[in-house]
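The values are calculated or read from the model by the stated rules, or taken from the named source; none is laboratory data. Everything quoted here is computed from the prediction, not taken from an experiment. Counting neighbours? That spans all protein chains shown, and the Cβs are built from the backbone with ideal geometry, glycine included.
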Amino acid sequence: MLRCFALAVLTAAGLTACGTGTPPAAPVETVTATVQPTPTTTATATATATATATADPGETDRPEPSEAAAERKTLPDVVGMNLQEGQDTLQAAGFYVLNDKDATGQNRLQVLDRNWVVTKQSPAGGRKVTTDTLITLYAKKIGE
């Protein structure tokens, strides 16, 4: 009887030592990176950094000084230009929120912008709008 009990204990100990067959998890390595700000010499950047550093932590709903209202400018008329030239003209004038669509309604992507001609723009050229206004250029392939 004692022999059976000892054999049962040894068998149980052996099975427990074997485990479930899954290897132990690898140790987790923690990496900490410190990002250093790039030094700037402009007064605006210094004023922004100073305002940010001295702001009260509870005051999160006030816009940062760099988030000033967008400037109002006259929108260039780019109808008749190739799509790339139209985009370049708008960006040179300070308009960067641009979208382009297939004017034929086929929803084709304009892969080579120089192969497309602007047939319409919204809002129309000549209007005074803010520089953050979405400008949609409708274009079709040259020769269509």
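A few remarks follow.
- Selection within the range 118-144: residues that are in contact with a Leu (Cβ under 7 Å, 6 or more places away or on another chain) and part of a strand (DSSP E or B). The member of this set that is surrounded by the most Cβ atoms within 10 Å (Cβ to Cβ) is ALA139.
- Residue that is nearest to the chain's Cα centre (by Cα) [pool: residues in the range 108-130 that are of a type in the set (S, T, N, Q) and at pLDDT 95 or above]: THR130
- Some residue of the range 66-87 being at pLDDT below 55, out of contact with any His (no Cβ under 8 Å at 6 or more places or on another chain) and in a loop (DSSP other than H, G, I, E, B): yes
- Within the range 83-103, the residues that satisfy the criterion of being over 20 Å from THR130 (Cβ atoms) and either in contact with an Asp or Glu (Cβ under 7 Å, 6 or more places away or on another chain) or of a type in the set (Gly, Ala, Ser) (or both) are LEU83, GLN84, ALA103.
- THR104 falls short of the stated requirement of being surrounded by 13 or more Cβ atoms within 10 Å (Cβ to Cβ), within 27 Å of ALA69 (Cα to Cα) and among the β-branched types (Val, Ile, Thr).
- When ASN99 is tested against (1) part of a loop (DSSP other than H, G, I, E, B); (2) within 23 Å of the chain's Cα centre (by Cα), only condition (1) is not met.
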